[in-house]
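Everything below concerns the one structure shown next.
Any read-out appearing in this document is the output of simple, stated calculations on the displayed coordinates, not a laboratory observation. All values reported here derive from a predicted model rather than from experimental measurement. So basically every Cβ, Gly included, is an ideal-geometry build from the backbone, and we count neighbours across all protein chains shown.
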Protein chains: 2
Amino acid sequence: MNTKARAIEEKICPLEFAVNAISGKWKIPIVWQINQGHKRPSEMLKGIMKVDRRVLNQQLKELEQDGVLYKVNYNELPPKVEYHLTSLGEQLVEVLWKLNAWGETLLKQKETNK
Amino acid sequence: MNTKARAIEEKICPLEFAVNAISGKWKIPIVWQINQGHKRPSEMLKGIMKVDRRVLNQQLKELEQDGVLYKVNYNELPPKVEYHLTSLGEQLVEVLWKLNAWGETLLKQKETNK
DNA sequence: CATAAAAGTGACTTTTTTATCCCTATGGGG
DNA sequence: CCCCATAGGGATAAAAAAGTCACTTTTATG
């Protein structure tokens, strides 16, 4: 049995798992921002993301727990921390590029159907 | 400027667009189910998805509006309709396989960290 | 004549997710 | 001294999403 057939028999679990990990309004934007080099929370907030600190922290924590990010605490004052992509996080970015490409197709189609 | 760099300058729009289109608890499961041949709402409900008819219809409608699905109404009685994947929907399935593969990696890692 | 099958929706409730506000801690600049 | 930046969390409010229930339509079946 090939991979696809097996996955279907096993009732979509890995996909469900993946979706759970990236569900959250700001999770994909966060991963995207970090991938662009905005690793400090304060940097992310100065960027395009209009998200509250509280909420940002929640989502960062979940991404960390899922192994997508890891945190580096410099133990300085004023505080300085950085969030980096793990290997898993970098693999996610590759998937996000595919999704981005699909989004481009989606946009093109919307324009066509105007 | 290459595609990636341009996308970054344009502030992630296509990705945001894509995420919007698939956001919804049952949208990915629906696309998945249809891809497996369960095209009628009643079939989907008999499957693994414990979703209410009301909610199923809402999400089907949105997927249809976004051009991921198209609906075939047989105009029979009792009613018979089918939802099929559009070309865009089939392209989405390809992305979902990538996401599924990422989910497998995620699962493996969870098991390792037990 | 009651019931089932099938797709669909309006009105409403519950649950989940996000957002807001205020608090902590610490050292430096004015 | 007071305020700033910086990261973080508790309590709570608001918004969004999902779920529930009751109803419709039409034909066939018992």
Subject >> For chain B: lysine pairs under 15 Å (alpha-carbon distance), excluding those fewer than 8 apart on one chain >> reply: 10
**OP:** Please return the longest stretch of chain A lacking exposed loop sites, where GluC sites (Glu not before Pro) count only if DSSP places them in a loop and at most 10 other Cβ atoms lie within 10 Å.
**Re:** A:11-75
Subject >> Full-stretch length increase - B:Gln109, B:Glu94 - with 0.36 nm per residue and alpha-carbon distance subtracted >> reply: 3.1 nm
Original post:
Could you give, in nm with one decimal, how far A:Gly37 is from each other copy of that position, shortest first, with labels 7 Å out from Cα toward Cβ?
Top reply: 5.2
**OP:** Count neighbours as other Cβ atoms within 10 Å of each site's Cβ, and list the trypsin sites (Lys or Arg not before Pro) in the stretch B:62-104 that are DSSP loop with at most 15 such neighbours.
**Re:** B:Lys80
Original post:
Distances from B:Thr86 to the same residue in each other copy, label points 7 Å out along Cα→Cβ, in nm, shortest first?
Top reply: 3.8
Original post:
Using a simple charge model, +1 on the beta-carbon of Lys and Arg, -1 on the beta-carbon of Asp and Glu, nothing else, what dipole does the protein assembly as shown show about its Cα centre, in debye to the nearest 20?
Top reply: 440
**OP:** For the stretch A:26-112, give the magnitude of the charge dipole about the Cα centre (Cβ charges: +1 Lys/Arg, -1 Asp/Glu; no others), in debye to the nearest 20.
**Re:** 280
Original post:
Viscosity 1.306 mPa s, temperature 10 °C: Stokes-Einstein D of the stretch A:26-112 from its Kirkwood Cα radius, in µm² per second?
Top reply: 114
Subject >> Nearest beta-carbon to the A/B symmetry axis - residue in chain A, distance in Å >> reply: A:Lys98, 3
**OP:** Between beta-carbons, use under 14 Å as the cut-off and find the net charge around A:Glu43, counting Lys and Arg +1, Asp and Glu -1.
**Re:** +4
